[in-house]
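Worksheet for the structure shown next.
The values are calculated or read from the model by the stated rules, or taken from the named source; none is laboratory data. Remember, it's a predicted structure, so these values are computed and weren't measured experimentally. Here the Cβ is made from the backbone with ideal geometry for all residues, glycine too, and neighbour counts use every protein chain on show.
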Amino acid sequence: MAPLSPQCPHLLSLDVRPHTTSPSHVTLYSLFDRDIHKAQRVRQSSLSTIGVGLFLVEEEQKVGFSGRWFGLQMGQKALKMERNDEDERVGANRYGERQPTGTGAQSQDGKEYREAAPAPLFEARELTSWSFYRAGIAEFVATFLFLYITVLTVMGVAKSPTKCSTVGVQGIAWSFGGMIFALVYCTAGISGGHINPAVTFGLFLARKLSLTRTVFYMIMQCLGAICGAAVVKGFQSKQYERLGGAANTLNKGYSKGDGLGAEIVGTFILVYTVFSATDAKRNARDSHVPILAPLPIGFAVFLVHLATIPITGTGINPARSLGAAIVYNKDQAWDGHWIFWVGPFIGAALAALYHQIVMRAIPFKSK
């Protein structure tokens, strides 16, 4: 049997099934190879004659070949693999959820949607996987860069004698939101782009991460935040001490209850946006584009900072608060520091609960 493409000789057969209500939209096909029993990553160039995107769902056996089912959408150029890459098998990528058999549904335009299987509480094979540690390194570096840029921005505003000579509160908010947008975009395919223990905790409660990965991510995020703030202090030691090191503190006129409430609501908004922006069901139902997820997430961070900087300096990220507090290490940085852990974790838990019980309560089915 001749291969489908000379550029990809192991592809031997293609079974295309057009959607019954939309002949121009192909929704499912099976692809078989003769010798390979494990899925292989296929370069997009090898499928240039077909010009489609692949969405790997589950393994099938047919006519003696080791086959894989793919969801197919015409005109898609990017190659996306689910349940093939090791990262996605263990839940690293929140944009590519694992797809079990028997939970599928289909939208009106023919897109396939399958509910993700809950992540196991503990998965021993993660500890022997390079992708597990690679994801942790990505979280460390992203949080390091996040603290470095944002702490410098806060210090620049604090140093300025007048509000008109610097970026001001709006600039601080843009710095935090813009960095989250950029870093989530850069690391989403490796670790999921959490950069925040509260986000990691919310995804764990929604069974999208194992406990092993959750704890590892949080440790790496906190270490990255500490290192990021420490580098700023190393470059500008005197100014860092004088300007407060961007540590989160309650501002005058606000009680600890006010600060706790601000942190709970602010983190709820952030984690709720994360769940909504990365919901696979919306991709099938509403033509939602997952690659744009960093944009609403970054914008949510920007808006929350605008609202809560006058109250607490805006935490909503325990790693960010811890890193600045440890490096600055003054009494005012530790007074009420618990607010910046308890508040975000409560907000993340409420967002996860709301999303799982209310937003996704009714299984999506085609008419």
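For the reader, a short list of remarks on this structure follows.
- Condition met for Thr267 (within 17 Å of Ala173 (Cα to Cα) and more than 20 Å from the chain's Cα centre (by Cα)): no
- Taken over the stretch 240-259, the criterion of being hydrophobic (A, V, I, L, M, F, W, C) and within 30 Å of the chain's Cα centre (by Cα) is satisfied by Ala246, Ala247, Leu250.
- Positions within the stretch 191-221 being closer than 16 Å to Phe122 by Cβ and either in contact with a Gly (Cβ under 7 Å, 6 or more places away or on another chain) or basic (Lys, Arg) (or both), in sequence order: Arg207, Lys208, Leu209, Ser210, Arg213, Phe216, Tyr217
- The one condition in (1) under 19 Å from Val151 (Cα atoms); (2) small (Gly, Ala, Ser); (3) within 15 Å of the chain's Cα centre (by Cα) that Gly234 fails to fulfil: (3)
Residue-by-condition table, conditions (1) acidic (Asp, Glu); (2) in contact with a Phe, Trp or Tyr (Cβ under 6 Å, 6 or more places away or on another chain):
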position: Trp130; (1), (2): no, no
position: Arg134; (1), (2): no, no
position: Glu139; (1), (2): yes, yes
position: Thr143; (1), (2): no, no
position: Thr150; (1), (2): no, yes
position: Met155; (1), (2): no, no
position: Lys159; (1), (2): no, no
position: Val167; (1), (2): no, no
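- Some residue of the stretch 247-258 being surrounded by 19 or more Cβ atoms within 10 Å (Cβ to Cβ), at pLDDT 95 or above and part of a helix (DSSP H, G or I): no
- Subset tally (residues that are buried (at least 18 other Cβ atoms within 10 Å of the Cβ) and touching a residue at least 60 places away in the same chain (Cβ under 8 Å)) for the stretch 270-282: 9
- Among residues of the stretch 157-203 being in a helix (DSSP H, G or I), of a type outside the set (A, V, I, L, M) and free of Cβ contacts under 8 Å to residues at least 24 places away in the same chain, the one that is surrounded by the most Cβ atoms within 10 Å (Cβ to Cβ) is Thr200.
- Close pairs from the stretch 236-264: first in contact (Cβ under 8 Å) with a residue 24 or more places away in the chain, partner part of a loop (DSSP other than H, G, I, E, B), Cβ under 6 Å, at least 6 apart: Asn248/Gly313; Asn248/Gly315; Leu250/Gly336; Lys256/Gly336; Gly259/Leu250; Glu263/Gly315
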